[in-house]
């Protein structure tokens, strides 16, 4: 449960900061965002591999939704880092 609350807090934090984050990030914040992007890319690669191997249609649907969400999140993180 703690993880879910943390994820919700992080998403809300990123949404609130929005445009403010573009040029005002400290080095430690950029590093944390970079680490998060690496983790999300890893999740994206794993979901893509599992999706190709999955035979159950319900599982394929879940993995497809996860792939879509992960791609969006990676693009959003790239926006903060560029």
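The values are calculated or read from the model by the stated rules, or taken from the named source; none is laboratory data. These figures come from a predicted structure and were not determined experimentally. Using ideal geometry, Cβ is built from the backbone for each residue, glycine included, and neighbour counts are taken over all protein chains shown.
Is at least one residue of region 3-12 modelled with pLDDT under 90, outside any helix (DSSP H, G or I) and loosely packed, with under 14 Cβ neighbours inside 10 Å? Checked against the condition, which is being modelled with pLDDT under 90, outside any helix (DSSP H, G or I) and loosely packed, with under 14 Cβ neighbours inside 10 Å, region 3-12 yields no hits at all. A count restricted to region 46-69 and to residues that are exposed (fewer than 11 other Cβ atoms within 10 Å of the Cβ) and either part of a helix (DSSP H, G or I) or in contact (Cβ under 8 Å) with a residue 60 or more places away in the chain (or both) stands at 4.
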